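The structure under discussion appears below in the form of structure tokens.
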Amino acid sequence: MRKPIIAGNWKMNNTQKEAVELITALKPRLKDVGKTEVVVCVPYTCIEKVKKAVRGSKIKVGAENVAWADKGAFTGEISAAMLKEVGAEYVIIGHSERRQYFGETDESVNKRTVQALKNDLKPIVCIGETLDEREEGKTNAVLKTQIEGAFAGFTQDDIKKVVIAYEPVWAIGTGKTATSEQANESIKFIRKTLAKLFTRPVANKVRIQYGGSMNAKNAHELMSMSDIDGGLIGGASLKAEDFEKVVKFNG
Ligand code: PGA
């Protein structure tokens, strides 16, 4: 059985003050989250404050990116050791916004993920096709290339520690959710690809989230599909009431 994991992706939202306010509102609402693992991935500047604010709750804290080097002349980057020091446990890697606006490639995603694992940070690796790619029937080919690139050189032990977020780019922040069937089909394909690269039992252990306009209304249906193990939540993670409803997708 794979443990469901709902992760908020705050993106470039919330000052420290706003972050603490949001966590303060979330804590009582997420007291009883049952078996679901709950993570909030927050801007670098908020990590330390959020880590303190979640004390006494089951909410875990993550970052939104990590450098692929240990240290050195990489202006603007934040290392895995720095993230660990302020209390991050998870880290999002290869989000489509990073790929689209900041030149992230499958190769850099691979290097960042290796670095996260080396430092005991749990990576949430994002993959997904654009609208053009889907319309041209290339979805599976794109996912296969992204998986082979992101996890090149990985052992079976490595891949078991990774969470994958399947996020069709056309569904992110657009209000257009993939249907639960579409999402499940792509996630099944991702699992099949992992089974070929690693083994079927290992692939069956990897948790794969859906992301892209997942919200209070559609979370239950998406989460009831066979292969969807969680969600990476953007917009709906910024309001305590909405995020609570997604986390409590079972009612
Ligand atoms: P969204 O974002 O829920 O606002 O569509 C999801 C994401 O980008 O991770």
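Table for the structure above
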| read-out | value |
| --- | --- |
| Distance between region 158-224 and region 87-146 - C-alpha centres, whole angstrom | 13 Å |
| Whole-Hz couplings from phi, Karplus 6.51/-1.76/1.60, listed for region 124-137; x for Gly and Pro | 10, 9, 9, 9, x, 9, 7, 4, 4, 4, 5, 5, 8, x |
| Portion, in percent, of the accessible area of the chain that falls on carbon or sulfur, probe 1.4 Å | 52 percent |
| Hz values of 3J(HN,Hα) by residue in region 91-102 - Karplus curve (6.51, -1.76, 1.60), Gly and Pro given as x | 8, 7, 10, x, 4, 4, 5, 5, 5, 6, 9, 10 |
| Placed amide H near residue 91: partners under 5 Å, 5+ positions off or other chain | 63, 122, 124 |
| Burial ranking of peptide ranges 172-180, 242-250 (average Cβ count within 10 Å, highest at the top) | 242-250, 172-180 |
| Solvent-accessible area per residue, Å², over region 5-247 with all protein chains present [probe radius 1.4 Å] | 46 Å² |
| Local net charge near residue 117, Cβ-Cβ under 12 Å (Lys/Arg +1, Asp/Glu -1) | +3 |
| Using θ = phi - 60° and Karplus 6.51 cos²θ - 1.76 cosθ + 1.60, couplings along region 40-46 (whole Hz; Gly, Pro as x) | 10, 9, 10, x, 3, 5, 9 |
| Selected from 113, 75, 145 as most flexible by GNM, with the chain as the system and alpha-carbon contacts under 10 Å | 75 |
| Accessible area of residue 41 in the full protein assembly, 1.4 Å probe (Å², nearest 10) | 0 Å² |
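The values are calculated or read from the model by the stated rules, or taken from the named source; none is laboratory data. Treat the numbers as computed from the prediction; the structure is a model and nothing was measured. Glycine gets a Cβ as well: all are built from the backbone with ideal geometry, and neighbour counts include every protein chain shown. The accessibility values were calculated without ligands, DNA or RNA, using every heavy atom of the protein model including side chains. Shrake-Rupley method; radii C 1.70, N 1.55, O 1.52, S 1.80 Å.
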